[in-house]
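Trainee: Below is the structure I would like to discuss, written out as structure tokens.
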Number of protein chains: 2
Amino acid sequence: MTLIDGRALAAELRARTLATVDTTLAAGSAVTLGAVVATSDPATAWYLRSISSAAEKVGITVRAVLVEPATPDGVLDALDALSADRDVDGIICLTPLPHGLSLAQAGEHIDPAKDVDGANPTSLGRLAAGLPAFAPATAQATIEILRHSGTALVGVEAVVVGRSMVVGKPLALLLLAEHATVTVCHSHTRELAQVTARGDVLVAAAGQAGLIGAGHVKPGAIVIDVGTNPTADGGLVGDVDTAAVESVAGAVTPVPGGVGPVTTALLLGNVARAAASQSG
Amino acid sequence: MTLIDGRALAAELRARTLATVDTTLAAGSAVTLGAVVATSDPATAWYLRSISSAAEKVGITVRAVLVEPATPDGVLDALDALSADRDVDGIICLTPLPHGLSLAQAGEHIDPAKDVDGANPTSLGRLAAGLPAFAPATAQATIEILRHSGTALVGVEAVVVGRSMVVGKPLALLLLAEHATVTVCHSHTRELAQVTARGDVLVAAAGQAGLIGAGHVKPGAIVIDVGTNPTADGGLVGDVDTAAVESVAGAVTPVPGGVGPVTTALLLGNVARAAASQSG
């Protein structure tokens with residue numbers, strides 16, 4: 001079984017992003033990502049620091065907007081302000097959000113041209129229609145990893161476990177656009193192992209540690225593990241029991257070091273593209 | 001095998017719509033559906049007449065806007081004008097459209113509040129997010145028929161053949177919202193019969209006469225035939241070979257008289273709902 005190296009792919013993607021950013025900077029414009037934060041959750045703070053540090057390396061400035069007190073209206077106002085600000089090229093809205101506000105509702109306040117993590121439902125709809133739009137970076141990362149690994153997608157059976165707006169649904173649309181036959185499973189799916197074992201491509205995005213074992217995987221399948229479940233000792237594990245599937249799968253992405261770094265790299269790539277098209 | 005009577009269900013739905021329209025009319029507002037037509041195709045003219053005649057029966061006025069010459073800009077201008085017109089409650093854009101303009105591109109010029117046939121990609125995105133939105137009436141009709149027939153959807157395998165923006169994609173999202181495990185097939189799917197035969201619910205929306213035969217259907221499955229393929233003698237046939245599947249399927253919708261009348265009834269119901277919420 002091959003263990004797919006997400007960090008190596010991320011490095012390649014960063015090199016491309018750096019070139020795009022350099023062109024924009026040379027034209028006299030800074031490249032700025034606005035990040036709205038309405039929580040004191042340490043995991044969110046950690047994620048913001050990791051994005052900021054990756055952004056710095058490719059010449060992108062992160063402007064964090066802390067919403068305090070953390071109210072729904074405060075979040076929407078912050079997103080409206082960043083959408084209207086000509087100096088801001090891309091916008092992300094970090095979770096968790098204040099009670100009563102969904103990410104999709106917040107996303108509707110992100111200008112689609114700056115919606116670099118595909119949080120606005122309009123972006124998803126445009127994606128479904130084949131119109132230009134940013135996909136959520138995690139879904140995009142899954143496709144990028146499959147492409148990079150040379151996996152044929154036309155006519156193959158792809159099974160996605162999870163139906164979120166951030167991964168499952170946009171990924172199903174992206175896989176359909178690649179001409180895969182796509183099945184979406186979730187917590188109500190009966191005989192999950194039987195359904196997932198149909199997948200030449202299997203994507204686990206359920207947010208449940210160890211959900212996918214050997215019995216869930218078709219021999220030789222490529223398995224993309226989107227799960228990021230915190231462990232008791234402060235680490236991170238995916239939805240796939242990697243040791244168990246080793247003898248069955250053709251390839252698996254590790255957690256950490258698989259989808260995560262590619263996602264961050266693509267998110268920053270989207271910011272660079274947004275900046276290039278807005279300055280053009 | 002049961003043959004599902006779409007006309008009877010449509011009559012029930014019309015009675016509900018009539019009540020909603022009556023309330024709006026009693027409040028002093030007419031209920032108006034704007035229809036943009038940019039073709040001299042006789043099938044489109046026939047469809048417009050059939051909608052107008054059904055609308056008349058429930059007290060809805062259809063205002064047809066003929067775009068001549070049929071240019072993309074002409075269509076967009078007509079949709080913008082209807083979107084801005086306070087006397088118009090719902091808007092549909094009939095196909096075929098002028099070369100170079102997709103229905104999704106046109107749909108972006110329909111105010112989502114008036115997008116009664118779910119043509120705006122924003123409507124699809126909102127649908128995916130579980131936010132209030134109109135679904136394309138054909139996709140909505142499929143769900144309505146399944147509900148009305150008492151088909152359990154939670155955890156069952158639903159297979160959709162076709163991935164259009166009008167049926168396949170929105171229907172996949174609606175079926176996911178009903179907690180079905182959903183597979184979307186299309187022209188690149190290998191071993192189509194093997195995949196469709198997994199479906200407790202099978203929806204044929206490929207636009208290919210007779211595509212679905214006995215070998216494609218799981219014994220006892222409910223089969224919804226969304227196909228409307230013109231025949232040489234001026235008639236209409238679906239994607240399902242109804243005679244062939246008779247001995248296998250549990251129930252099938254006929255063409256004509258199945259999904260079609262329910263779609264028209266739901267479209268007019270959406271216009272009535274749009275009018276009620278805009279006058280509220």
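Trainee: Going residue by residue through region A:87-100, is there one that turns out to be at positive phi, outside the structural domain of A:Gly235 (by TED's automatic domain parsing) and not aromatic (Phe, Trp, Tyr)?
Mentor: Scanning region A:87-100, I find at least one residue that is at positive phi, outside the structural domain of A:Gly235 (by TED's automatic domain parsing) and not aromatic (Phe, Trp, Tyr), so the answer is yes.
Trainee: Out of (1) at the interface with chain B (Cβ under 7 Å from one of its Cβ atoms); (2) part of a loop (DSSP other than H, G, I, E, B), what's the single condition that is false for A:Asp117?
Mentor: With (1) at the interface with chain B (Cβ under 7 Å from one of its Cβ atoms); (2) part of a loop (DSSP other than H, G, I, E, B) applied to A:Asp117, the lone miss is (1).
Trainee: Another question, then. Which one is surrounded by the most Cβ atoms within 10 Å (Cβ to Cβ), of the residues in region B:3-39 that are among the hydroxyl-bearing types (Ser, Thr, Tyr) and modelled with pLDDT of 95 or more?
Mentor: B:Thr17
Trainee: Which of the residues belonging to region A:81-113 are within 27 Å of A:Thr20 (Cβ to Cβ), surrounded by fewer than 19 Cβ atoms within 10 Å (Cβ to Cβ) and away from chain B (no Cβ under 14 Å)?
Mentor: Within region A:81-113, A:Ala81, A:Ser83, A:Ala84, A:Asp85, A:Arg86, A:Asp87 meet the criteria.
Trainee: Given A:Thr138, A:Thr95, which one is closer than 23 Å to A:Val75 by Cβ, touching a residue at least 24 places away in the same chain (Cβ under 8 Å) and part of a helix (DSSP H, G or I)?
Mentor: A:Thr138
Trainee: Still on this structure: Condition check: surrounded by fewer than 24 Cβ atoms within 10 Å (Cβ to Cβ), within 14 Å of chain B (Cβ to nearest Cβ), touching a residue at least 40 places away in the same chain (Cβ under 8 Å) and farther than 20 Å from A:Ala10 by Cα. Does A:Gly130 satisfy that?
Mentor: When the stated conditions are applied, A:Gly130 passes them.
Trainee: Another one. Output the residue which, of all residues in region B:190-233 that are buried (at least 23 other Cβ atoms within 10 Å of the Cβ) and in a loop (DSSP other than H, G, I, E, B), is nearest to the other protein chains (Cβ to nearest Cβ).
Mentor: B:Gly199
Trainee: Can you tell me which of (1) assigned to a helix (DSSP H, G or I); (2) buried (at least 24 other Cβ atoms within 10 Å of the Cβ); (3) more than 7 Å from chain A (Cβ to nearest Cβ) is the one B:Gly125 doesn't meet?
Mentor: Tallying (1) assigned to a helix (DSSP H, G or I); (2) buried (at least 24 other Cβ atoms within 10 Å of the Cβ); (3) more than 7 Å from chain A (Cβ to nearest Cβ), B:Gly125 fails exactly one: (3).
Trainee: In addition: Which condition number does A:Thr23 fail, the rest of (1) over 29 Å from B:Arg126 (Cα atoms); (2) assigned to a strand (DSSP E or B) being met?
Mentor: It is condition (2) that A:Thr23 fails.
Trainee: Anything in region A:152-189 that is of a type in the set (D, E, K, R) and assigned to a strand (DSSP E or B)? List them, or say none. Even if it seems obvious, please write down each step before you answer.
Mentor: Going residue by residue through region A:152-189, those that are of a type in the set (D, E, K, R) are A:157, A:163, A:169, A:178.
Answer for region A:152-189, where residues must be of a type in the set (D, E, K, R) and assigned to a strand (DSSP E or B): just A:Glu157.
Trainee: Next question. Scan region B:139-154 and tell me whether some residue there is of a type outside the set (S, T, N, Q), within 12 Å of chain A (Cβ to nearest Cβ) and touching a His at 6+ places or on another chain (Cβ under 9 Å).
Mentor: yes
Trainee: Is it the case, given these coordinates, that A:Ala180 is surrounded by 24 or more Cβ atoms within 10 Å (Cβ to Cβ) and out of contact with any helix residue (DSSP H, G or I) (no Cβ under 8 Å at 6 or more places or on another chain)?
Mentor: Values: surrounded by 24 or more Cβ atoms within 10 Å (Cβ to Cβ): yes; out of contact with any helix residue (DSSP H, G or I) (no Cβ under 8 Å at 6 or more places or on another chain): yes.
Spelling it out, A:Ala180 is indeed surrounded by 24 or more Cβ atoms within 10 Å (Cβ to Cβ) and out of contact with any helix residue (DSSP H, G or I) (no Cβ under 8 Å at 6 or more places or on another chain).
Trainee: Of the residues B:Ala64, B:Ala104, which single one is more than 20 Å from B:Ala275 (Cβ to Cβ), under 20 Å from the mean Cα position of the chain (by Cα) and not in a loop (DSSP other than H, G, I, E, B)?
Mentor: B:Ala104
Trainee: If you don't mind, another one. Would you mention how many residues in region A:48-83 are free of Cβ contacts under 8 Å to residues at least 24 places away in the same chain and among the hydrophobic types (A, V, I, L, M, F, W, C)?
Mentor: Summing the residues that are free of Cβ contacts under 8 Å to residues at least 24 places away in the same chain and among the hydrophobic types (A, V, I, L, M, F, W, C) in region A:48-83 gives 1.
Trainee: Pick from B:Gly234, B:Gly250: which is modelled with pLDDT of 95 or more and outside the structural domain of B:Ile92 (by TED's automatic domain parsing)?
Mentor: Details: B:Gly234 fails: modelled with pLDDT of 95 or more.
Going through B:Gly234, B:Gly250 in turn, the sole match is B:Gly250.
Trainee: Quick check on my filter: what residues within region A:155-189 are facing chain B (nearest Cβ under 8 Å), of a type in the set (Gly, Ala, Ser) and within 24 Å of A:Gly210 (Cβ to Cβ)?
Mentor: Correct list: A:Ala172 only.
Trainee: Another one. Between B:Ala70, B:Ala81, which is modelled with pLDDT of 95 or more, in contact with a Ser or Thr (Cβ under 8 Å, 6 or more places away or on another chain), among the small types (Gly, Ala, Ser) and not in a strand (DSSP E or B)?
Mentor: Of the residues listed, the single one that is modelled with pLDDT of 95 or more, in contact with a Ser or Thr (Cβ under 8 Å, 6 or more places away or on another chain), among the small types (Gly, Ala, Ser) and not in a strand (DSSP E or B) is B:Ala70.
The values are calculated or read from the model by the stated rules, or taken from the named source; none is laboratory data. Keep in mind that what you see is a predicted model, and the values were worked out from it rather than measured. Note that we place each Cβ from the backbone using ideal geometry, even for glycine, and neighbour counts take in every protein chain shown.
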